[in-house]
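Below is one structure; the comments refer to it alone.
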Amino acid sequence: MPERISGKAAPFPYDNVDTDQIIPAQFLKLLQKKGLGRYLFYRWRFDESGNPRADFILNDPRYRDASILIAGKNFGIGSSRENAVWALVDYGIKAVLAESFGDIFYGNAVKNGLACIALPESVLRELRERAERSELYLTIDLGRKVIEYDDRSLEFNVDEYARRRLMTGESEIEYTMRNYLNRIEEYEKRMPSFAARGIDSVTRRILEG
Amino acid sequence: MHLTITDKIWEAHEIAREEGVSLLYIDRHLTHEVTSPVAFSDMREKGYRIRRPDLTLAVMDHNVPTDSKERPTMDELSKQQMDALWKNARDFDVPLLDFYSPYQGIIHVVGPELGFSLPGLTIAAGDSHTSTHGALGALSFGIGTSEVEHVFVTQTLWIKKPKQFRITMNGEPRMGVTPKDLALYMIGQIGTGGAIGHIIEFGGSAISGMGVEGRMTLCNMSIEAGARTAIVEPDEKTFEYLKNAPLAPKDDWDEAVKYWRTLKSDPKAEYDKSISFDVRDVKPMVTWGTNPAMVAPVDGRVPNPAEVKDQQQRAEYERALKYMDLRPGQPITDIKIDYVFIGSCTNARLSDLIEAASFLKGRKISPDVRAFLVPGSEWVRRKAERLGLHEIFMNSGFEWRHSGCSMCIAMNADRVPSGKRAASTSNRNFENRQGPGARTHLVSPLMAAAAAVYGRFVDVTELDLDREVLSLA
């Protein structure tokens, strides 16, 4: 993941965009994460016959190649489906700017290199209006924690853990195993018995039936 | 230092901390067929193993057919996803409650009822409604698929400690007002993002007076207010609920209870945010819009968007009314419904079924309504049948189904047809949630039962309930 993310921004003036809208449940039956971009915002993007809805923002010729969304508040609430992030990334979205994010969505985004940047409402409104007037290209500089556009520069806050993950893109599993396997093993030795006892083979057979 | 229950469980499980993010040991991991396949295939590719299969429980729930065990209706993709879990569980030696298991059900119903979920534990699952397990006094987290894989391989999770939000509910709700109504009322008050970044700790006399299953409904719905998760201090009711569960402690029961009794928030503990309300003011609630915060009391009306000041919110309301095909100012009791769904991880436990049956006994549903009763687990189904509840439901005209997520998420064949309107005990009224074009009103099981009989919403606080059925609770 580069330290700087650049792209065209689209106004996405909706609050409470839930992950059911980002990707409907019917597309969760696919067993892989590649290729989900075509189902992104499926019911907002396409009508019942599968034709693009002219009034949906990403179908607007001006924003078809946008890679940054300027949303409202509470983006990505609801279901934990990581498919929502996979669909955004597969479609080509590199960053979402919003007033706030669903917690699980935010965590999923970090793990897939999708930058989620929280900004105040007034700033978002200004950016959306700017993007509506004419093409808006943004650069999100994760290293310096600033967003640059036109001749302006906006500071933002992002938690350090997320920033590091976004910038290094390292596998969290490899990282944990390399640095903390010993401590995990030690922890398991001192767990209280009710917590440490898992499903024994006899009970397992009864439950599985 | 004055600690909350969250602080205590967090501290006991924290293995490391980096940049304010903790590495927590995860004591129990539930997994289902929808959010696990990518994790399993990546593990295969990388040669990973599951660290503690014995602390892991796989359950088929989202796709499972609920019409029949012998001749189930299912599409090819659902079958593939269930087959994949079966193969993954076998290859990675994970205990699996498959479609035919006598204990199959929705993970958030199965975990607590089997005693897989216990007080003081950390619990994770690739499902947002994992907050449900907090009702037992556990710290539970809904996670994405990358994190599912992380828990599989390391039995830990990197997680930022949420801020803490204390919600105190005092008083005794009026007859007919249920935990679901309290949940919807709360979400209406604080909004869909009201608890983002927070764990909600519920307390107060209404919570201690509430049954453990009701607390599950409340914790379950917390995610709809944006909460990272929710928790309730365990008490005697919790211990009673777990006492003979198949996976609860046996020889070390007393020792475990002794520890669980310490899981209380210190009286002087501080919270980042707190609110309290009196539940006596709460009425049965009905959602009118396309997120759970768009909710009104049953004696209220659909709002008029023209009266909303905020431009973006007005647009959102207009869009919701259009999707829901409702008029501004329409009384809630004028809304006619076509489908009733009593089910889901929110409201399909035995107490929910008893609540619905207490009104349905001796009554028939409207001929214009199709009504589904989908128990939260096969065990709940058997327990209900032993009490004769299935006869009450079937005699009234409900379809008595097998367990699964069913019409809450419409991944199996159970769905609300386009343009039809459902009274649903589930958790999400998002556009297209119960099927493409489906219109959802979230309500309690009792409200759903009454709506099935009248074909529209009615105020259940004015109805006669069967005392004998209620006493089964």
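The values are calculated or read from the model by the stated rules, or taken from the named source; none is laboratory data. What you are looking at is a predicted structure, and each value in this text was computed from that prediction instead of being measured. In this analysis, Cβ positions are derived from the backbone assuming ideal geometry, glycine residues included, and neighbour counts consider all displayed protein chains. Each accessible area value is taken on the protein alone, full model and side chains, heavy atoms only, with ligands, DNA and RNA left out. Shrake-Rupley method; radii C 1.70, N 1.55, O 1.52, S 1.80 Å.
List of remarks:
- When chains B and A come together, the accessible area they lose, probed at 1.4 Å and totalled over both chains, is close to 6300 Å².
- Loop-located trypsin sites (Lys or Arg not before Pro) in the range A:1-42 (DSSP state other than H, G, I, E, B) with a sparse environment of at most 10 neighbouring Cβ atoms within 10 Å: A:34.
- Each residue of the range B:75-92 was assigned a 3J(HN,Hα) from its phi angle through the Karplus curve 6.51 cos²θ - 1.76 cosθ + 1.60 (θ = phi - 60°); the sequence is 7, 4, 5, 4, 4, 4, 5, 5, 4, 4, 5, 4, 5, 5, 5, 5, 5, 9 Hz, with glycine and proline shown as x.
- Across the accessible surface of the range B:287-470, with the other protein chains kept in place and a 1.4 Å probe, carbon and sulfur atoms take up 44 percent.
- Degrees separating the helix A:172-189 axis from the principal Cα axis of chain A, which is the longest one: 30
- Against the empirical curve 2.2 N^0.38 Å, the C-alpha radius of gyration of the range B:287-470 lands at a ratio of 1.01.
- Low-density loop positions, GluC sites (Glu not before Pro), the range B:253-355 - DSSP coil, at most 14 other Cβ in 10 Å: B:270
- Which listed pairs, of B:364/B:420; A:111/B:163; B:8/B:258; A:189/B:243; B:237/B:264; A:34/A:94, have C-alpha distances above 18 Å, in listed order: B:364/B:420; A:111/B:163; A:189/B:243
- The ellipsoid equivalent to the alpha-carbon distribution of the protein assembly as shown has semi-axes of 35, 32, 24 angstrom, derived from the gyration tensor eigenvalues as √(5λ) and listed largest first.
- Evaluated with a Cβ-only charge set (Lys, Arg +1; Asp, Glu -1), the range B:287-470 carries a dipole of roughly 400 debye about its Cα centre, given to the nearest 20.
- In the range B:5-274, taking the dipole from charged Cβ atoms about the Cα centre, the farthest positive-side position among B:137, B:229, B:203 is held by B:203.
- For the range A:40-89, with +1 on Lys and Arg beta carbons and -1 on Asp and Glu, the positive-most of A:58, A:70, A:83 along the dipole: A:70
- If R0 is taken as 56 Å, the Cβ-Cβ distance between residue A:178 and residue B:459 corresponds to a FRET efficiency of 0.40.
- Computed FRET value (nearest 0.05) for residue B:473 with residue B:100, which takes r as the C-beta separation and R₀ as 22 Å: 0.15
- The range B:259-318 - percent relative contact order, Cα under 8 Å, separation 6 or more: 18
- Here the ratio of the Cα radius of gyration of the range B:67-166 to 2.2 N^0.38 Å is 1.23.
- Residue-normalised accessible area of the protein assembly as shown, given per residue in Å² at a 1.4 Å probe: 37
- Modelled spin-label separation between residue B:306 and residue A:151, with each label point placed 7 Å from Cα along the Cα-to-Cβ direction: 4.7 nm.
- Computed across chain B, the Kirkwood hydrodynamic radius from all distinct Cα-Cα pairs reaches 22.4 Å.
- Average silhouette area of the range A:4-168, convex hull of alpha-carbon atoms, in square nanometres: 9.2
- Taking all protein chains together and rolling a 1.4 Å probe, residue A:106 ends up with roughly 50 Å² accessible.
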